[in-house]
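The values are calculated or read from the model by the stated rules, or taken from the named source; none is laboratory data. Here the structure is a predicted model, which means the values were calculated and not measured. So basically every Cβ, Gly included, is an ideal-geometry build from the backbone, and we count neighbours across all protein chains shown. Calculation scope for accessible area: heavy atoms of the full protein, side chains included, ligands and nucleic acids excluded. Shrake-Rupley method; radii C 1.70, N 1.55, O 1.52, S 1.80 Å.
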Amino acid sequence: MKFVVSSGALLNHVQLINGVITSNPSPVVPILEFFLFDVKDSTLTLYATNLETSMITSLQIESKAKGRVAVPAKILLETLKNLGEQPLTFNIQEQTNTIEITSDYGKYRLAGEQGDDFPRIPEADSKATANIPSNMLAKAISKTIFAVGNDELRPAMTGVFFQLDKKEATFVGTDAHKLVRYKRTDISGEKAVSFIVPKKSLQQLRSILPSGSENVSITYTNSNAFFTFGTTTLICRLIEQKYPDYNAVIPRDNSSTLTINRLSFLSSLKRVIIFSNKTTTQIVLKMAGSELTVSAQDLDFSSEASEKLICSYEGPDLEIGFNGKFLIEMISALESDEVIFKLSGPSRAGVLLPAEKEDAEDLLMLVMPVMLVT
């Protein structure tokens, strides 16, 4: 089997899918450290997988051949990075799976593997359930992924919940201590569906999504989701668990309202948290009239900090504690000039909202309080 390909084009496609190659070599399944090359009809289709997440991409080549071979990922990638733009000729001996690459500089030979030994990549068995612009999907991932948990005993919470219907799309992330619900009414599905996508797969997807508004087609089966844009598809194994009823934990009667400049609040939290207990990172918010006091202390090291900020507050005087890291993560993910903090009492969850938002989006963040340590 022989084909000619642009080194630059091949490098771009290899770098695109290399993120799913396992960083910890598997002695049980060593072929996971390989790309699968599939040549057919003057097209080279590349595959990479770690068994949880797979990627497929394709590019045009000069070839009349047809065949498959597994190519060692690391050595190919390092070679392409150092070649510069030029045509490359690949010659594969199908009996031995020996791969010979000819460039302007010389020849390089590496040992491949039988293409048929490469793990089977799942295939979609249905049409698209939704089409989402890539920039909107990237935003939905960024708004929710930081709230996802890492507790393997709660697998449903280790991924983002996708809920699509004919009217809107909802994305939810939670670890039981914080929760983010992001809705868009300008995205819809062909039918009502829901599934949980693992955090690692979404991190990989976010890193490769085009920055513009290129269409991303989403399909899914009982066990996998398929995200396709251009000539690239990312396939990930879904978390087959029941997602918790997130609507049940969102308070409806938080009557106290704090409105404050987002960047001023965020800067204050970042300064004050330095003086908090390193285990709890507890921050105390005390609201009275038009003044917010942000404070923290670490009794073990006799350190403390307190700052006063101008705000707008409606409600009875209130003192409440939160995990400072959670507050910083959530406020950093907001984009409005001001944020609204809806509160009820020192033992009730607080709800963070952007003061300004796009007409088609609805973003809500919930954070559980922590017991005040005095």
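Condition first: open to solvent by less than 60 Å² (accessible area, probe 1.4 Å), in contact with a helix residue (DSSP H, G or I) (Cβ under 7 Å, 6 or more places away or on another chain) and outside any strand (DSSP E or B). Now tell me which residues in the stretch 206-245 satisfy that.
ILE208, LEU209, PRO210, GLY212, ILE239, TYR243, PRO244
Per-residue answers, yes or no, for (1) touching a Pro at 6+ places or on another chain (Cβ under 9 Å); (2) surrounded by 18 or more Cβ atoms within 10 Å (Cβ to Cβ); (3) modelled with pLDDT of 95 or more:
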residue	(1), (2), (3)
PRO30	no, no, no
PHE37	no, yes, yes
THR43	no, no, yes
LEU46	no, yes, yes
THR53	yes, yes, yes
THR57	no, yes, yes
GLN60	no, no, yes
SER63	no, yes, no
LEU76	no, yes, yes
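Could you list, in sequence order, the residues of the stretch 310-324 that are loosely packed, with under 13 Cβ neighbours inside 10 Å and assigned to a strand (DSSP E or B)? Write out each step before concluding.
Our first condition is that a residue be loosely packed, with under 13 Cβ neighbours inside 10 Å; within the stretch 310-324, this holds for 310, 314, 316-317.
Scanning the stretch 310-324 gives ILE310, GLU314.
Could you say which residue among LEU16, LEU36, LEU10 is touching a residue at least 60 places away in the same chain (Cβ under 8 Å) and in contact with a Gly (Cβ under 8 Å, 6 or more places away or on another chain)?
Numbers: LEU16 fails: in contact with a Gly (Cβ under 8 Å, 6 or more places away or on another chain); LEU10 fails: in contact with a Gly (Cβ under 8 Å, 6 or more places away or on another chain).
Sole residue among the options that is touching a residue at least 60 places away in the same chain (Cβ under 8 Å) and in contact with a Gly (Cβ under 8 Å, 6 or more places away or on another chain): LEU36.
Pairs, please: C-beta under 7 Å, at least 6 apart or cross-chain, first residue more than 12 Å from PHE322 (Cβ to Cβ) and in the stretch 355-374, second assigned to a loop (DSSP other than H, G, I, E, B) and open to solvent by 80 Å² or more (accessible area, probe 1.4 Å)?
Filtered contacts from the stretch 355-374: ALA355/ASP337; GLU356/ASP337; ALA360/THR185; LEU363/LYS357.
Looking at (1) outside any strand (DSSP E or B); (2) in contact with a helix residue (DSSP H, G or I) (Cβ under 9 Å, 6 or more places away or on another chain), can you tell me which one ARG252 breaks?
(2)
Considering only the stretch 325-354, how many residues are in contact with a helix residue (DSSP H, G or I) (Cβ under 8 Å, 6 or more places away or on another chain), of a type in the set (A, V, I, L, M, F, W, C), under 13 Å from PRO369 (Cα atoms) and not in a strand (DSSP E or B)?
Going through the stretch 325-354 one residue at a time, the tally reaches 2.
Taking the stretch 6-46, which residues are more than 23 Å from the chain's Cα centre (by Cα) and assigned to a loop (DSSP other than H, G, I, E, B)?
Passing the criteria: PRO25, SER26, PRO27, VAL28, VAL29, ASP41, SER42.
Being more than 19 Å from ALA176 (Cα to Cα) and of a type in the set (D, E, K, R) is the requirement here; does GLU319 meet it?
Here the answer is yes, as GLU319 does meet what is asked.
May I ask you to list the residues in the stretch 262-288 that are in a strand (DSSP E or B) and open to solvent by less than 10 Å² (accessible area, probe 1.4 Å)?
ILE283, LEU285, MET287
Give the residues of the stretch 101-116 that are touching a residue at least 60 places away in the same chain (Cβ under 8 Å) and under 37 Å from the mean Cα position of the chain (by Cα), sorted by residue number. Don't jump to the end; show me each part of the working.
So in the stretch 101-116, the residues touching a residue at least 60 places away in the same chain (Cβ under 8 Å) come out as 103, 112-113, 115.
Within the stretch 101-116, GLY112, GLU113, GLY115 meet the criteria.
Which residue pairs have Cβ atoms closer than 7 Å, lie 6 or more positions apart in sequence or on different chains, and pair a first residue in the stretch 327-350 that is in contact (Cβ under 8 Å) with a residue 40 or more places away in the chain with a second residue that is assigned to a helix (DSSP H, G or I) and of a type in the set (Phe, Trp, Tyr)?
GLU329/PHE146; ILE331/PHE265; ALA333/PHE146; VAL339/PHE265
Of all residues in the stretch 138-163 being in contact with a strand residue (DSSP E or B) (Cβ under 7 Å, 6 or more places away or on another chain) and hydroxyl-bearing (Ser, Thr, Tyr), which is surrounded by the fewest Cβ atoms within 10 Å (Cβ to Cβ)?
That would be THR158.
I'd like the residue in the stretch 101-137 that is surrounded by 19 or more Cβ atoms within 10 Å (Cβ to Cβ) and of a type in the set (Gly, Ala, Ser) and, out of all such residues, is modelled with the lowest pLDDT.
Here the residue is ALA130.
Can you give me the number of residues within the stretch 164-174 that are open to solvent by less than 40 Å² (accessible area, probe 1.4 Å) and over 14 Å from the mean Cα position of the chain (by Cα)? It would help to see each step written out before you state the result.
Step one: list which residues in the stretch 164-174 are open to solvent by less than 40 Å² (accessible area, probe 1.4 Å), which gives 164, 169-174.
From the residues that got through so far, the ones that are over 14 Å from the mean Cα position of the chain (by Cα) too are 164, 169-170.
Matching residues across the stretch 164-174 total 3.
I'd like the full set of residues that are charged (D, E, K, R) and open to solvent by 20 Å² or more (accessible area, probe 1.4 Å), limited to the stretch 289-309.
Of all residues in the stretch 289-309, those charged (D, E, K, R) come to 291, 298, 300, 304, 307-308.
Residues satisfying the conditions are GLU291, ASP300, GLU304, GLU307, LYS308.
Could we say that LYS200 is touching a residue at least 24 places away in the same chain (Cβ under 8 Å), in contact with an Asp or Glu (Cβ under 9 Å, 6 or more places away or on another chain) and more than 20 Å from LYS242 (Cβ to Cβ) here?
In short, yes.
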